[in-house]
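Here the structure is laid out as structure tokens; the discussion comes afterwards.
What follows is calculated from the coordinates using simple rules that are stated; it is not laboratory data. Fair warning: this is a prediction, and the values are worked out from it, not measured in the lab. Cβ sites come from the backbone with ideal geometry, for glycine too, and all protein chains shown count toward neighbours.
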Amino acid sequence: MADTRPRLGIGMVGYAFMGVAHSHAWRTAPRFFDLPLAPDMAVVAGRDEQAVRAAADRLGWRDTETSWKALVAREDVDLVDVCTPGDTHADIAVAALEAGKHVLCEKPLANSVEEAETMVRAAEAARSAGALAMVGFTYRRVPAVQLAKRLVDEGRIGTVRHVRAQYLQDWIADPQAPLSWRLDRTKAGSGALGDIGAHVVDLAQFVTGEHLTGVSAVLETFVRERPLAASSSGLSGTGAADGATGPVTVDDAAVFLARLSGGGLATFEATRFAYGRKNAIRLEINGSAGSLAFDFEDMNVLHYFDASQPAWEAGFRRVVVTEPEHAYVGAWWPAGHGLGYEHAFTHQAVDLVRDVADHRQPRPSFADGLQVQRVLDAVERSAADRSTWTEVPAPAGASDDPTEE
Ligand code: SOE
């Protein structure tokens with residue numbers, strides 16, 4: 001039966017991990033959700049013609065380009081999906097918005113506050129011409145996170161006193177893990193801070209409805225030299241090249257305190273050195289009337305403590321967030337069957353298509369992305385300012401120099 005819905009031509013730039021996740025979302029969204037527009041996976045762009053052609057065949061894109069500028073210029077592209085490293089987000093998103101295209105840009109929005117501000121200005125200018133922009137903080141669209149926000153918004157935990165947010169991974173805890181673009185400041189902008197810290201900053205602000213007003217931070221790079229990946233040293237195959245190494249120019253871990261606009265206190269941790277933690281996004285919120293706790297490694301569950309319970313029966317309630325009443329869940333499986341990492345990307349695509357059809361500003365907006373970028377920048381400035389650090393004298397006979405045995 002012919003699809004009578006208006007077409008929404010999608011053009012995606014980049015086809016690595018995020019490109020794969022976004023492609024899955026564009027393929028899946030119209031099959032599980034009623035959409036007012038029909039997403040058309042028109043074209044994917046990548047510099048290597050043979051590789052991008054193979055990616056298009058594998059991921060379901062109709063055509064390819066080897067230049068993002070050519071993709072942006074195409075008449076059959078209405079929305080540009082930016083799935084590239086952070087050093088290209090601003091150029092691609094601004095060009096697309098100026099060409100009147102809608103934009104979905106992966107997180108973090110940019111590699112600097114200045115770039116993010118430029119992107120916000122372009123988004124504001126483009127909106128008057130009908131083009132809309134969203135930044136891809138997908139974890140907001142996990143049903144358990146949506147439930148957490150609903151409980152906060154309904155006052156069920158009262159005034160927020162504490163937020164405890166962690167994003168723990170371990171994929172480079174091995175010093176022999178080779179260099180990648182994520183460890184190169186010129187490409188990634190920062191390390192764990194911008195890659196995964198950005199997610200928990202956005203989550204904390206989204207769920208509480210508050211913003212961070214100030215931070216005090218430490219950053220650390222534990223492993224400063226790493227083997228070059230064979231592919232980047234001109235050798236064939238993957239894995240480390242023989243002996244060649246290169247510098248790590250980003251943080252391996254970020255730890256910071258923060259104050260929230262509602263008066264509460266927050267602690268954040270983002271690290272890629274937490275052996276055993278693969279993608280552990282943990283958010284605990286303690287309020288004046290209760291608490292919430294979420295762990296992405298158990299992503300279909302939200303723990304809720306209602307402080308009004310009588311002491312003899314009080315305890316955290318383990319809510320299995322798989323009922324049709326829960327956000328997005330009704331489109332998927334019966335209660336108890338659960339969702340995964342990829343579903344939040346599909347929810348992101350669904351909401352963006354509906355926002356475009358209704359000419360509604362998508363959230364998180366580029367302005368939301370700029371707020372996160374300002375937090376990241378404040379963390380880096382705080383970490384660089386040792387004047388706020390209070391030394392503790394080493395115990396007698398001990399050294400506080402980590403390089404000394
Ligand atoms: C980091 O390893 C990463 O790939 C992030 O960059 C993504 O945003 C997150 O969804 C999964 O982990």
Using modelled amide H (1.01 Å from N, peptide plane; none on Pro or chain starts), what sits under 5 Å from the amide H of Thr245, excluding residues fewer than 5 places away? Leu228
The Cα radius of gyration of the chain, divided by 2.2 N^0.38 Å with N its residue count, comes to 1.03
Low-density loop positions, GluC sites (Glu not before Pro), segment 286-336 - DSSP coil, at most 12 other Cβ in 10 Å: Glu325
Segment 310-342-segment 21-42 distance, computed between alpha-carbon centres (Å): 25
Long-range amide H partners of Phe273, meaning residues 5 or more apart or on another chain whose placed amide H is closer than 5 Å, are Gln169
Work out the charge dipole of the chain with +1 on the Cβ of Lys and Arg and -1 on the Cβ of Asp and Glu about the Cα centre, then indicate which of Gly264, Ala42, Val215 is farthest towards its positive end. Ala42
Show me, for segment 286-302, the HN-Hα J-couplings you get by feeding each phi into the Karplus relation (A = 6.51, B = -1.76, C = 1.60, θ = phi - 60°), rounded to Hz, glycine and proline as x. 10, x, 6, 10, x, 9, 10, 9, 9, 9, 4, 6, 9, 5, 8, 10, 10
Taking R0 as 41 Å, what's the FRET efficiency between Thr66 and Ala244 from their Cβ-Cβ distance, rounded to 0.05? 0.90
Choice from Ala16, Ala70, Ala96 with maximal GNM fluctuation in the chain (Cα, 10 Å cutoff): Ala70
By how many nm would the segment from Ala357 to Asp306 lengthen if fully extended, with 0.36 nm per residue of separation less the alpha-carbon distance? 14.4 nm
For a quick check: sort Ser67, Ser23 by the number of other beta carbons within 10 angstrom, fewest at the front. Ser67, Ser23
Extension gain (nm, one decimal) between Thr267 and Ala384, 0.36 nm per residue minus Cα-Cα: 40.3 nm
Label segment 168-288 by shape, choosing from rounded, prolate and oblate, from the square roots a ≥ b ≥ c of the eigenvalues of the Cα gyration tensor; if a/c is under 1.5 it is rounded, and otherwise prolate applies when a/b is larger than b/c, oblate when it is not. prolate
Let me have the 222 nm mean residue ellipticity of the chain computed from DSSP H runs of 4+ only, each contributing -39500 (n - 2.57), with the sum over all residues rounded to the nearest 500. -9500 deg cm²/dmol
I need the shape label for segment 98-245. Rule: rounded when a/c is under 1.5, else prolate if a/b > b/c, else oblate, with a, b, c from the alpha carbon gyration tensor. oblate
List every residue whose amide H lies under 5 Å from the amide H of Gly158, counting only residues 5 or more places away in sequence or on a different chain, with H placed 1.01 Å from N in the peptide plane. Ala289
Quick check: Cα centre of segment 176-202 to Cα centre of segment 115-171, how many Å? 19
Given charges of +1 on the Cβ of Lys and Arg and -1 on the Cβ of Asp and Glu, with all other atoms neutral, how large is the dipole of the chain about its Cα centre, in debye to the nearest 20? 880
In Å, the Kirkwood hydrodynamic radius of segment 7-138 over pairs of distinct alpha carbons? 14.6
Roughly what % antiparallel, to the nearest 5, for the DSSP beta bridges in the chain? 60
